[in-house]
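S.K.: Here it is: the structure, laid out below.
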Amino acid sequence: MKKNTILPEPYKIKVVEPVRLIPKEAREKAMKEAGYNTFLLKSQDVYLDLLTDSGTNAMSDAQWGKLMVGDEAYAGSKSFYCLEDAVKEVYGYKYVVPTHQGRGAEHIISRCLIKPGDYIPGNMYFTTTRLHQELAGGTFVDVINDEAYDPQSEFLFKGNADLKKLDKLVKEVGAKKISYITVGAPVNMAGGQPVSIKNLKKVSQYCRARDIRVVLDAARAIENAYFIKTREPGYASKSVKEILLQMCSCTDACTMSAKKDAYANIGGFLAMNDAGLYEEAKNLCVVYEGLHTYGGLAGRDMEALAQGLKEAVEKDEWVAHRIDQVRYLWQSLDDLGVPLMRPAGGHAVFVDAKAFLSHLDHELLPAQSLAAAIYVESGVRTMERGIVSAGRDPQTGKNRKPALELVRITLPRRVYTQTHLDYVAEHIGLLYKNRKQAKGLEFVYEPKYLRFFQARFKPAK
Ligand code: PM9
(Lines give C-alpha, C1' and ligand atoms only; values in the text may rest on other atoms or scores of the structure.)
Protein backbone atom coordinates (compact mmCIF):
# COMPACT_ATOMS: atom_id res chain seq x y z
CA MET A 1 0.00 0.00 0.00
CA LYS A 2 1.27 3.52 -0.84
CA LYS A 3 2.29 5.44 2.31
CA ASN A 4 -0.23 8.07 3.30
CA THR A 5 1.46 11.49 3.45
CA ILE A 6 0.36 15.14 3.30
CA LEU A 7 1.69 17.87 1.02
CA PRO A 8 4.14 20.04 3.00
CA GLU A 9 2.55 23.08 4.70
CA PRO A 10 2.94 26.28 2.62
CA TYR A 11 3.45 28.20 5.91
CA LYS A 12 5.34 28.09 9.18
CA ILE A 13 3.95 28.61 12.67
CA LYS A 14 4.56 31.97 14.38
CA VAL A 15 2.00 32.02 17.22
CA VAL A 16 0.73 29.06 19.21
CA GLU A 17 -2.23 28.50 21.51
CA PRO A 18 -1.94 25.77 24.16
CA VAL A 19 -4.51 22.95 24.19
CA ARG A 20 -5.16 20.52 27.02
CA LEU A 21 -6.61 17.04 27.23
CA ILE A 22 -8.63 16.65 30.42
CA PRO A 23 -8.93 13.13 31.97
CA LYS A 24 -11.57 10.72 30.70
CA GLU A 25 -13.76 11.01 33.86
CA ALA A 26 -13.76 14.82 33.43
CA ARG A 27 -14.76 14.39 29.76
CA GLU A 28 -17.64 12.11 30.75
CA LYS A 29 -18.83 14.73 33.26
CA ALA A 30 -18.44 17.58 30.75
CA MET A 31 -20.40 15.69 28.07
CA LYS A 32 -23.21 14.89 30.51
CA GLU A 33 -23.35 18.54 31.66
CA ALA A 34 -23.49 19.62 28.00
CA GLY A 35 -26.60 17.46 27.50
CA TYR A 36 -24.65 15.20 25.09
CA ASN A 37 -24.53 18.06 22.59
CA THR A 38 -21.00 18.94 21.44
CA PHE A 39 -22.15 22.55 20.74
CA LEU A 40 -22.76 22.96 24.47
CA LEU A 41 -19.27 21.89 25.59
CA LYS A 42 -16.96 24.59 26.93
CA SER A 43 -14.04 24.95 24.55
CA GLN A 44 -11.61 24.79 27.50
CA ASP A 45 -12.71 21.14 27.93
CA VAL A 46 -11.95 20.31 24.28
CA TYR A 47 -8.56 18.95 23.18
CA LEU A 48 -8.83 19.20 19.37
CA ASP A 49 -11.74 21.33 18.20
CA LEU A 50 -12.98 19.80 14.95
CA LEU A 51 -16.55 21.04 15.40
CA THR A 52 -16.34 23.45 12.48
CA ASP A 53 -14.07 25.28 10.05
CA SER A 54 -16.27 28.36 10.43
CA GLY A 55 -14.43 31.31 11.99
CA THR A 56 -11.87 28.94 13.50
CA ASN A 57 -9.11 29.35 10.89
CA ALA A 58 -5.66 30.74 11.64
CA MET A 59 -5.18 34.20 10.16
CA SER A 60 -1.92 35.06 8.40
CA ASP A 61 0.56 37.68 9.66
CA ALA A 62 -0.70 39.94 6.86
CA GLN A 63 -4.29 39.58 8.11
CA TRP A 64 -3.27 40.39 11.69
CA GLY A 65 -1.41 43.42 10.34
CA LYS A 66 -4.56 44.61 8.55
CA LEU A 67 -6.46 44.67 11.86
CA MET A 68 -4.41 47.73 12.81
CA VAL A 69 -5.40 49.71 9.72
CA GLY A 70 -9.14 49.07 9.97
CA ASP A 71 -11.14 52.26 9.44
CA GLU A 72 -13.84 52.30 12.10
CA ALA A 73 -15.83 55.18 10.58
CA TYR A 74 -19.57 54.59 10.89
CA ALA A 75 -20.15 55.64 7.30
CA GLY A 76 -18.02 55.27 4.19
CA SER A 77 -15.24 53.29 5.92
CA LYS A 78 -12.27 52.80 3.59
CA SER A 79 -12.12 49.22 4.87
CA PHE A 80 -15.50 48.61 3.22
CA TYR A 81 -14.23 49.82 -0.15
CA CYS A 82 -11.23 47.57 0.27
CA LEU A 83 -13.58 44.61 0.91
CA GLU A 84 -15.80 45.60 -2.00
CA ASP A 85 -12.80 45.66 -4.36
CA ALA A 86 -11.59 42.26 -3.11
CA VAL A 87 -15.04 40.65 -3.59
CA LYS A 88 -15.37 42.11 -7.09
CA GLU A 89 -11.89 40.89 -8.02
CA VAL A 90 -12.23 37.38 -6.58
CA TYR A 91 -15.90 36.57 -7.37
CA GLY A 92 -16.64 38.96 -10.24
CA TYR A 93 -20.07 40.26 -9.08
CA LYS A 94 -20.89 43.96 -9.59
CA TYR A 95 -22.40 44.86 -6.21
CA VAL A 96 -21.52 43.92 -2.62
CA VAL A 97 -23.52 44.19 0.60
CA PRO A 98 -21.53 43.29 3.75
CA THR A 99 -23.18 41.21 6.49
CA HIS A 100 -22.11 40.01 9.93
CA GLN A 101 -21.89 36.41 8.65
CA GLY A 102 -23.46 34.07 6.11
CA ARG A 103 -26.92 33.85 7.63
CA GLY A 104 -27.20 37.66 7.55
CA ALA A 105 -26.85 37.44 3.76
CA GLU A 106 -29.32 34.52 3.63
CA HIS A 107 -31.83 36.52 5.64
CA ILE A 108 -31.61 39.53 3.32
CA ILE A 109 -31.80 37.61 0.04
CA SER A 110 -34.71 35.50 1.34
CA ARG A 111 -36.62 38.65 2.30
CA CYS A 112 -35.85 40.33 -1.01
CA LEU A 113 -36.78 37.50 -3.36
CA ILE A 114 -39.15 35.00 -1.68
CA LYS A 115 -42.91 35.55 -1.69
CA PRO A 116 -45.12 33.39 0.55
CA GLY A 117 -46.02 30.21 -1.35
CA ASP A 118 -42.82 30.27 -3.47
CA TYR A 119 -40.42 27.35 -3.95
CA ILE A 120 -36.65 27.43 -3.68
CA PRO A 121 -34.89 24.43 -5.21
CA GLY A 122 -31.35 23.65 -4.10
CA ASN A 123 -28.68 20.94 -4.20
CA MET A 124 -29.45 19.67 -0.69
CA TYR A 125 -30.50 21.83 2.22
CA PHE A 126 -28.23 23.77 4.49
CA THR A 127 -29.63 24.39 7.97
CA THR A 128 -29.56 28.20 8.17
CA THR A 129 -30.27 28.73 4.46
CA ARG A 130 -33.43 26.60 4.49
CA LEU A 131 -34.68 28.15 7.71
CA HIS A 132 -34.46 31.69 6.28
CA GLN A 133 -36.27 30.50 3.16
CA GLU A 134 -39.03 28.98 5.32
CA LEU A 135 -39.29 32.04 7.56
CA ALA A 136 -39.83 34.13 4.41
CA GLY A 137 -42.77 31.86 3.47
CA GLY A 138 -41.01 29.64 0.94
CA THR A 139 -40.58 25.89 0.62
CA PHE A 140 -37.19 24.37 -0.05
CA VAL A 141 -37.10 21.53 -2.61
CA ASP A 142 -34.07 19.26 -2.81
CA VAL A 143 -32.86 18.71 -6.38
CA ILE A 144 -29.47 17.15 -5.71
CA ASN A 145 -28.58 14.04 -7.74
CA ASP A 146 -29.26 10.64 -6.16
CA GLU A 147 -25.58 9.69 -5.80
CA ALA A 148 -25.32 12.25 -2.99
CA TYR A 149 -27.44 10.05 -0.74
CA ASP A 150 -25.24 7.00 -1.12
CA PRO A 151 -22.16 7.16 1.17
CA GLN A 152 -20.57 4.33 -0.85
CA SER A 153 -20.84 5.97 -4.27
CA GLU A 154 -17.43 7.11 -5.57
CA PHE A 155 -18.94 9.66 -7.98
CA LEU A 156 -16.57 12.65 -8.08
CA PHE A 157 -19.25 15.36 -8.28
CA LYS A 158 -21.87 14.21 -5.81
CA GLY A 159 -22.90 17.83 -5.28
CA ASN A 160 -24.34 18.16 -8.81
CA ALA A 161 -27.93 19.27 -9.21
CA ASP A 162 -30.23 16.89 -11.06
CA LEU A 163 -31.74 18.86 -13.96
CA LYS A 164 -34.60 16.36 -14.27
CA LYS A 165 -35.65 17.00 -10.66
CA LEU A 166 -35.40 20.75 -11.24
CA ASP A 167 -37.44 20.51 -14.44
CA LYS A 168 -40.11 18.41 -12.70
CA LEU A 169 -40.54 21.10 -10.04
CA VAL A 170 -40.64 23.91 -12.61
CA LYS A 171 -43.29 22.03 -14.63
CA GLU A 172 -45.34 21.32 -11.49
CA VAL A 173 -45.40 24.82 -9.99
CA GLY A 174 -44.39 27.09 -12.90
CA ALA A 175 -41.18 29.17 -13.16
CA LYS A 176 -42.90 32.25 -11.68
CA LYS A 177 -43.30 30.42 -8.35
CA ILE A 178 -39.56 29.73 -8.13
CA SER A 179 -37.82 32.55 -6.25
CA TYR A 180 -34.38 31.32 -7.27
CA ILE A 181 -32.25 28.19 -7.11
CA THR A 182 -29.50 27.90 -4.49
CA VAL A 183 -26.38 26.06 -5.57
CA GLY A 184 -24.05 25.11 -2.74
CA ALA A 185 -20.62 24.35 -4.12
CA PRO A 186 -19.38 22.21 -2.47
CA VAL A 187 -22.34 20.75 -0.58
CA ASN A 188 -21.75 20.89 3.15
CA MET A 189 -24.48 18.46 4.25
CA ALA A 190 -23.52 15.92 1.57
CA GLY A 191 -19.97 15.50 2.85
CA GLY A 192 -18.34 18.56 1.27
CA GLN A 193 -18.84 17.01 -2.17
CA PRO A 194 -18.22 19.34 -5.13
CA VAL A 195 -20.28 20.49 -8.11
CA SER A 196 -18.75 20.25 -11.60
CA ILE A 197 -18.49 23.29 -13.84
CA LYS A 198 -20.34 21.29 -16.48
CA ASN A 199 -23.29 20.92 -14.11
CA LEU A 200 -23.18 24.57 -13.07
CA LYS A 201 -23.28 25.62 -16.75
CA LYS A 202 -26.29 23.37 -17.37
CA VAL A 203 -28.15 24.78 -14.36
CA SER A 204 -27.32 28.28 -15.51
CA GLN A 205 -28.51 27.67 -19.08
CA TYR A 206 -31.72 26.04 -17.88
CA CYS A 207 -32.50 28.84 -15.43
CA ARG A 208 -31.55 31.73 -17.71
CA ALA A 209 -33.93 30.37 -20.36
CA ARG A 210 -36.74 30.57 -17.78
CA ASP A 211 -35.78 33.79 -16.01
CA ILE A 212 -34.93 31.99 -12.75
CA ARG A 213 -32.06 33.43 -10.73
CA VAL A 214 -29.13 31.21 -9.69
CA VAL A 215 -27.71 32.02 -6.25
CA LEU A 216 -24.39 30.49 -5.29
CA ASP A 217 -23.69 29.59 -1.67
CA ALA A 218 -20.04 30.60 -1.90
CA ALA A 219 -18.94 29.66 1.63
CA ARG A 220 -16.37 27.16 0.34
CA ALA A 221 -16.49 27.88 -3.42
CA ILE A 222 -12.69 28.20 -3.55
CA GLU A 223 -12.47 24.58 -2.41
CA ASN A 224 -15.01 23.63 -5.08
CA ALA A 225 -12.86 25.38 -7.71
CA TYR A 226 -9.89 23.28 -6.58
CA PHE A 227 -11.92 20.08 -7.02
CA ILE A 228 -12.83 21.19 -10.54
CA LYS A 229 -9.14 21.79 -11.26
CA THR A 230 -8.11 18.36 -9.97
CA ARG A 231 -11.12 16.24 -10.98
CA GLU A 232 -12.75 17.71 -14.09
CA PRO A 233 -11.16 17.11 -17.50
CA GLY A 234 -9.77 20.28 -19.12
CA TYR A 235 -9.19 22.33 -15.98
CA ALA A 236 -5.80 21.11 -14.67
CA SER A 237 -3.88 24.04 -16.17
CA LYS A 238 -6.32 26.71 -14.98
CA SER A 239 -5.78 28.50 -11.67
CA VAL A 240 -8.31 28.23 -8.83
CA LYS A 241 -8.85 31.98 -9.26
CA GLU A 242 -9.81 31.57 -12.94
CA ILE A 243 -12.11 28.63 -12.22
CA LEU A 244 -13.83 30.47 -9.38
CA LEU A 245 -14.63 33.39 -11.68
CA GLN A 246 -16.06 30.94 -14.23
CA MET A 247 -18.21 29.34 -11.53
CA CYS A 248 -19.57 32.71 -10.44
CA SER A 249 -20.26 33.75 -14.02
CA CYS A 250 -22.81 30.90 -14.17
CA THR A 251 -24.73 32.55 -11.31
CA ASP A 252 -26.51 35.85 -10.65
CA ALA A 253 -25.67 36.38 -7.00
CA CYS A 254 -23.99 34.76 -4.03
CA THR A 255 -24.44 34.53 -0.29
CA MET A 256 -21.17 34.19 1.55
CA SER A 257 -20.12 33.08 4.98
CA ALA A 258 -16.61 34.54 4.91
CA LYS A 259 -15.69 32.57 8.03
CA LYS A 260 -14.63 29.65 5.83
CA ASP A 261 -12.68 30.14 2.57
CA ALA A 262 -11.61 33.69 3.53
CA TYR A 263 -9.66 32.67 6.67
CA ALA A 264 -11.60 35.25 8.67
CA ASN A 265 -12.97 34.81 12.18
CA ILE A 266 -16.19 36.65 11.33
CA GLY A 267 -17.90 38.20 8.31
CA GLY A 268 -20.03 37.62 5.28
CA PHE A 269 -21.59 39.34 2.30
CA LEU A 270 -24.21 39.21 -0.36
CA ALA A 271 -23.02 39.98 -3.89
CA MET A 272 -25.01 40.30 -7.09
CA ASN A 273 -25.12 41.66 -10.63
CA ASP A 274 -28.66 43.06 -10.56
CA ALA A 275 -28.88 46.76 -9.63
CA GLY A 276 -32.53 46.45 -8.47
CA LEU A 277 -31.75 43.59 -6.10
CA TYR A 278 -28.74 45.54 -4.82
CA GLU A 279 -30.90 48.56 -4.00
CA GLU A 280 -33.33 46.43 -2.03
CA ALA A 281 -30.64 44.38 -0.27
CA LYS A 282 -28.70 47.51 0.66
CA ASN A 283 -31.88 48.93 2.16
CA LEU A 284 -32.64 45.80 4.22
CA CYS A 285 -29.00 45.74 5.35
CA VAL A 286 -29.62 49.01 7.19
CA VAL A 287 -32.59 47.45 8.97
CA TYR A 288 -31.03 44.16 10.08
CA GLU A 289 -27.22 44.35 9.86
CA GLY A 290 -26.04 47.97 10.01
CA LEU A 291 -25.15 50.66 7.48
CA HIS A 292 -24.39 49.25 4.01
CA THR A 293 -20.72 50.18 4.40
CA TYR A 294 -20.19 47.93 7.42
CA GLY A 295 -23.09 45.45 7.66
CA GLY A 296 -22.43 44.46 11.29
CA LEU A 297 -18.66 44.23 10.85
CA ALA A 298 -15.89 46.28 12.43
CA GLY A 299 -13.60 48.02 9.94
CA ARG A 300 -10.74 45.76 11.08
CA ASP A 301 -12.81 42.66 10.32
CA MET A 302 -13.50 43.89 6.79
CA GLU A 303 -9.74 44.45 6.32
CA ALA A 304 -8.86 40.94 7.57
CA LEU A 305 -11.55 39.47 5.35
CA ALA A 306 -10.40 41.31 2.23
CA GLN A 307 -6.81 40.25 2.83
CA GLY A 308 -7.88 36.63 3.52
CA LEU A 309 -9.84 36.49 0.26
CA LYS A 310 -6.87 37.68 -1.77
CA GLU A 311 -4.58 35.17 -0.06
CA ALA A 312 -7.01 32.33 -0.62
CA VAL A 313 -6.74 32.64 -4.41
CA GLU A 314 -3.27 34.11 -4.86
CA LYS A 315 -1.54 30.70 -4.79
CA ASP A 316 -3.23 27.32 -5.35
CA GLU A 317 -0.91 25.78 -2.73
CA TRP A 318 -3.04 27.08 0.13
CA VAL A 319 -6.19 25.29 -0.91
CA ALA A 320 -4.23 22.26 -2.17
CA HIS A 321 -2.69 21.72 1.26
CA ARG A 322 -6.02 22.21 3.01
CA ILE A 323 -7.81 19.65 0.84
CA ASP A 324 -4.88 17.28 1.19
CA GLN A 325 -5.07 17.43 5.00
CA VAL A 326 -8.71 16.37 4.77
CA ARG A 327 -7.80 13.58 2.35
CA TYR A 328 -5.00 12.40 4.69
CA LEU A 329 -7.37 12.07 7.65
CA TRP A 330 -9.98 10.42 5.41
CA GLN A 331 -7.39 7.90 4.16
CA SER A 332 -6.11 7.19 7.70
CA LEU A 333 -9.65 6.41 8.88
CA ASP A 334 -10.50 4.43 5.76
CA ASP A 335 -7.37 2.30 6.30
CA LEU A 336 -8.75 1.45 9.77
CA GLY A 337 -12.05 0.31 8.25
CA VAL A 338 -14.12 3.20 9.65
CA PRO A 339 -17.23 3.67 7.44
CA LEU A 340 -17.00 7.05 5.70
CA MET A 341 -18.81 9.19 3.17
CA ARG A 342 -16.90 8.53 -0.06
CA PRO A 343 -14.90 9.99 -1.74
CA ALA A 344 -12.99 12.43 0.53
CA GLY A 345 -14.66 15.84 0.46
CA GLY A 346 -13.54 19.41 0.99
CA HIS A 347 -13.67 20.71 4.52
CA ALA A 348 -14.23 17.65 6.66
CA VAL A 349 -14.26 13.89 6.92
CA PHE A 350 -17.81 12.61 7.36
CA VAL A 351 -18.24 9.35 9.27
CA ASP A 352 -21.24 7.24 8.24
CA ALA A 353 -22.80 6.97 11.70
CA LYS A 354 -25.58 4.65 10.53
CA ALA A 355 -22.97 2.09 9.46
CA PHE A 356 -20.65 2.80 12.44
CA LEU A 357 -23.45 2.26 14.99
CA SER A 358 -25.51 -0.12 12.90
CA HIS A 359 -27.06 -1.61 16.07
CA LEU A 360 -28.87 1.71 16.76
CA ASP A 361 -32.25 2.60 15.29
CA HIS A 362 -32.40 5.98 13.48
CA GLU A 363 -34.69 7.34 16.24
CA LEU A 364 -31.86 6.69 18.74
CA LEU A 365 -29.85 9.42 17.00
CA PRO A 366 -26.73 7.49 15.91
CA ALA A 367 -24.71 10.53 14.76
CA GLN A 368 -25.48 12.55 17.90
CA SER A 369 -24.51 9.51 19.99
CA LEU A 370 -21.31 8.97 18.03
CA ALA A 371 -20.21 12.62 18.28
CA ALA A 372 -20.68 12.41 22.08
CA ALA A 373 -18.77 9.11 22.24
CA ILE A 374 -15.88 10.51 20.17
CA TYR A 375 -15.51 13.38 22.63
CA VAL A 376 -15.51 11.08 25.67
CA GLU A 377 -13.02 8.71 24.02
CA SER A 378 -10.58 11.35 22.75
CA GLY A 379 -11.40 14.93 23.78
CA VAL A 380 -11.98 15.65 20.07
CA ARG A 381 -15.08 17.73 19.32
CA THR A 382 -17.04 16.87 16.16
CA MET A 383 -20.58 17.62 14.98
CA GLU A 384 -23.79 15.71 14.23
CA ARG A 385 -25.10 16.06 10.66
CA GLY A 386 -28.12 13.79 10.56
CA ILE A 387 -31.62 13.56 11.98
CA VAL A 388 -31.02 16.18 14.69
CA SER A 389 -29.65 18.76 12.21
CA ALA A 390 -32.49 18.02 9.76
CA GLY A 391 -35.10 19.21 12.29
CA ARG A 392 -38.86 18.92 11.88
CA ASP A 393 -41.02 19.49 8.84
CA PRO A 394 -42.77 22.85 9.50
CA GLN A 395 -46.00 21.55 7.93
CA THR A 396 -46.34 18.19 9.69
CA GLY A 397 -44.19 18.82 12.77
CA LYS A 398 -42.65 15.37 12.26
CA ASN A 399 -38.92 14.62 12.37
CA ARG A 400 -37.34 14.78 8.94
CA LYS A 401 -35.42 11.58 8.37
CA PRO A 402 -32.43 12.37 6.14
CA ALA A 403 -30.85 9.57 4.15
CA LEU A 404 -27.44 10.60 5.44
CA GLU A 405 -26.67 10.21 9.15
CA LEU A 406 -23.16 11.61 9.51
CA VAL A 407 -20.64 12.84 12.05
CA ARG A 408 -18.52 15.63 10.66
CA ILE A 409 -14.85 15.83 11.63
CA THR A 410 -14.10 19.32 10.38
CA LEU A 411 -10.63 20.72 9.79
CA PRO A 412 -10.09 24.44 10.42
CA ARG A 413 -7.59 25.90 7.94
CA ARG A 414 -3.92 26.26 8.94
CA VAL A 415 -4.61 25.17 12.55
CA TYR A 416 -3.81 21.51 13.20
CA THR A 417 -0.81 19.34 12.28
CA GLN A 418 -0.39 15.82 10.91
CA THR A 419 0.29 14.52 14.45
CA HIS A 420 -3.08 15.87 15.57
CA LEU A 421 -4.76 14.11 12.66
CA ASP A 422 -3.00 10.85 13.56
CA TYR A 423 -4.36 11.17 17.11
CA VAL A 424 -7.89 11.64 15.76
CA ALA A 425 -7.65 8.62 13.44
CA GLU A 426 -6.17 6.38 16.15
CA HIS A 427 -8.91 7.19 18.69
CA ILE A 428 -11.83 6.95 16.28
CA GLY A 429 -10.32 3.66 15.10
CA LEU A 430 -10.31 2.42 18.74
CA LEU A 431 -13.90 3.51 19.21
CA TYR A 432 -14.86 1.64 16.05
CA LYS A 433 -13.45 -1.57 17.52
CA ASN A 434 -15.66 -1.08 20.63
CA ARG A 435 -18.64 0.35 18.74
CA LYS A 436 -21.24 -2.06 20.10
CA GLN A 437 -20.90 -0.46 23.56
CA ALA A 438 -22.41 2.81 22.30
CA LYS A 439 -25.96 3.51 23.45
CA GLY A 440 -28.41 5.84 21.75
CA LEU A 441 -29.71 9.20 22.96
CA GLU A 442 -33.12 10.80 23.32
CA PHE A 443 -34.15 14.47 23.41
CA VAL A 444 -34.83 16.16 26.73
CA TYR A 445 -34.97 19.70 25.29
CA GLU A 446 -35.65 20.78 21.74
CA PRO A 447 -35.57 24.45 20.69
CA LYS A 448 -37.86 25.60 17.90
CA TYR A 449 -35.25 26.73 15.37
CA LEU A 450 -31.96 25.06 14.33
CA ARG A 451 -32.36 22.59 17.17
CA PHE A 452 -28.93 20.99 16.77
CA PHE A 453 -27.23 24.08 18.24
CA GLN A 454 -28.97 24.06 21.61
CA ALA A 455 -30.85 20.76 22.08
CA ARG A 456 -30.14 18.59 25.13
CA PHE A 457 -30.21 14.81 25.31
CA LYS A 458 -29.97 11.91 27.75
CA PRO A 459 -28.92 8.28 27.25
CA ALA A 460 -31.85 6.28 25.84
CA LYS A 461 -33.32 3.57 28.06
N1 PM9 B 1 -21.67 26.66 8.27
C2 PM9 B 1 -20.56 25.01 9.55
O3 PM9 B 1 -20.01 24.67 10.60
C4 PM9 B 1 -21.44 27.05 10.73
C5 PM9 B 1 -22.85 27.04 11.21
S6 PM9 B 1 -23.70 25.52 11.18
C7 PM9 B 1 -22.88 24.60 12.30
O8 PM9 B 1 -20.52 24.31 8.52
C9 PM9 B 1 -22.94 27.09 4.30
C10 PM9 B 1 -22.61 26.11 3.23
C11 PM9 B 1 -22.41 26.95 5.57
C12 PM9 B 1 -22.75 27.89 6.58
C13 PM9 B 1 -22.29 27.75 7.90
C14 PM9 B 1 -23.64 28.95 6.24
C15 PM9 B 1 -24.06 29.96 7.24
C16 PM9 B 1 -24.15 29.02 4.97
N17 PM9 B 1 -23.79 28.09 4.04
O18 PM9 B 1 -22.53 30.40 9.92
O19 PM9 B 1 -24.00 32.25 9.27
O20 PM9 B 1 -21.57 25.95 5.80
O21 PM9 B 1 -21.62 32.39 8.72
O22 PM9 B 1 -23.02 30.81 7.51
C23 PM9 B 1 -21.23 26.28 9.46
P24 PM9 B 1 -22.79 31.50 8.94
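The values are calculated or read from the model by the stated rules, or taken from the named source; none is laboratory data. Keep in mind that what you see is a predicted model, and the values were worked out from it rather than measured. Every residue, glycine as well, gets a Cβ built from its backbone with ideal geometry; the counts of neighbours run over all protein chains shown. In case anyone asks, the SASA skips ligands and DNA or RNA and just uses the protein heavy atoms, side chains included. Shrake-Rupley method; radii C 1.70, N 1.55, O 1.52, S 1.80 Å.
S.K.: Going through the cross-link list K115/K401; K158/K439; K32/K448; K198/K241, which pairs have a Cα-Cα distance over 24 Å in this structure?
M.R.: Going by Cα-Cα distance, K115/K401; K158/K439 fall outside the 24 Å limit.
S.K.: Something else about it: Between the range 79-100 and the range 220-240, what is the separation of their alpha carbon centroids in Å?
M.R.: If you average the Cα positions of each part, the centres end up 23 Å apart.
S.K.: Applying the Karplus parametrisation 6.51 cos²θ - 1.76 cosθ + 1.60 with θ = phi - 60° to the phi angles of the range 272-289, what ³J(HN,Hα) value in whole Hz is obtained for each residue in order, glycine and proline being reported as x?
M.R.: Per residue, the Karplus-derived 3J(HN,Hα) values read 7, 9, 8, 5, x, 5, 4, 4, 5, 5, 4, 5, 5, 4, 4, 6, 10, 10 Hz.
S.K.: What does the extension gain come out to for A26 and Q44, with contour length at 0.36 nm per residue minus their alpha carbon separation?
M.R.: 5.3 nm
S.K.: Normalised by the residues of the range 323-415, what does the relative contact order come to in percent, with Cα pairs under 8 Å and at least six apart?
M.R.: About 28 percent, as a whole number.
S.K.: Measuring from label point to label point, each 7 Å out along Cα→Cβ, what is the T419 to K2 span in nm?
M.R.: Reported label-point gap for T419 and K2 is 2.7 nm.
S.K.: Give a quick list of trypsin sites (Lys or Arg not before Pro) in the range 321-416 that DSSP marks as loop, anything other than H, G, I, E or B, with at most 15 other Cβ atoms within 10 Å.
M.R.: Answer by residue number: K398, R400.
S.K.: Not counting ligands, DNA or RNA, and with a 1.4 Å probe, what is W64's accessible surface area in Å² rounded to the nearest 10?
M.R.: Probe radius 1.4 Å; accessible area of W64 about 140 Å².
S.K.: Leaving out ligands and nucleic acids, note down the accessible area per residue over the chain with a 1.4 angstrom probe, in whole Å².
M.R.: Here the per-residue accessible area is 41 Å².
S.K.: Still on this structure, please answer the following. Report the semi-axes of the equivalent ellipsoid for the range 318-391 in whole Å, largest first, where each axis is √(5λ) for an eigenvalue λ of the Cα gyration tensor.
M.R.: Over the Cα atoms of the range 318-391, the semi-axes work out to 23, 13, 12 Å.
S.K.: Taking Cα pairs under 8 Å and at least six residues apart, what relative contact order does the range 362-419 come out at, in percent?
M.R.: About 32 percent, as a whole number.
S.K.: Another question, if that's okay. With a sphere of radius 11 Å drawn around the Cβ of K115, what net charge do the other residues whose Cβ falls strictly inside it have (Lys, Arg +1; Asp, Glu -1)?
M.R.: Residues close to K115 contribute a combined charge of +2.
S.K.: Using Cα pairs closer than 8 Å and at least 6 residues apart in sequence, work out the relative contact order for the range 393-461, in percent.
M.R.: 20
S.K.: Share of antiparallel DSSP beta bridges in the chain, in percent to the nearest 5?
M.R.: Here the share of antiparallel DSSP bridges comes out near 65 percent.
S.K.: If you find the alpha carbon centre of the range 407-427 and of the range 429-446, how far apart are they in angstrom?
M.R.: When both Cα centres are located, 21 Å separates them.
S.K.: Considering only DSSP states other than H, G, I, E and B, which GluC sites (Glu not before Pro) in the range 363-446 qualify as loop sites with at most 13 other Cβ atoms within 10 Å?
M.R.: none
S.K.: Would you mind pulling out the separation of the Cα centroids of the range 140-183 and the range 257-278, in Å?
M.R.: After rounding, the separation between the Cα centres reads 24 Å.
S.K.: Here's something else I'd like to know. Across bins of 5 angstrom width beginning at 0, how are the C-alpha pair distances of the range 66-164 distributed, in whole percent?
M.R.: 2, 11, 14, 14, 15, 15, 12, 8, 5, 3, 0
S.K.: Once the other residues with Cβ under 14 Å from the Cβ of I428 are scored (Lys, Arg +1; Asp, Glu -1), what is the net sum?
M.R.: With Lys, Arg at +1 and Asp, Glu at -1, the net is -2.
S.K.: Please identify every one of the trypsin sites (Lys or Arg not before Pro) in the range 7-49 that sits in a loop by DSSP and has no more than 11 other beta carbons within 10 Å of its own beta carbon.
M.R.: Hits after loop and neighbour filter: K12, K14, R20, K42.
S.K.: Further question: With all distinct Cα pairs included, what does the Kirkwood hydrodynamic radius of the range 259-328 come out to in Å, to one decimal, could you say?
M.R.: Final number for the Kirkwood radius of the range 259-328 is 13.9 Å.
S.K.: Take the chain, drop everything but the C-alpha atoms, weight them equally and run the Debye formula without solvent; then report log10 I(q)/I(0) at 0.06, 0.10 Å⁻¹ to two decimals.
M.R.: -0.24, -0.71
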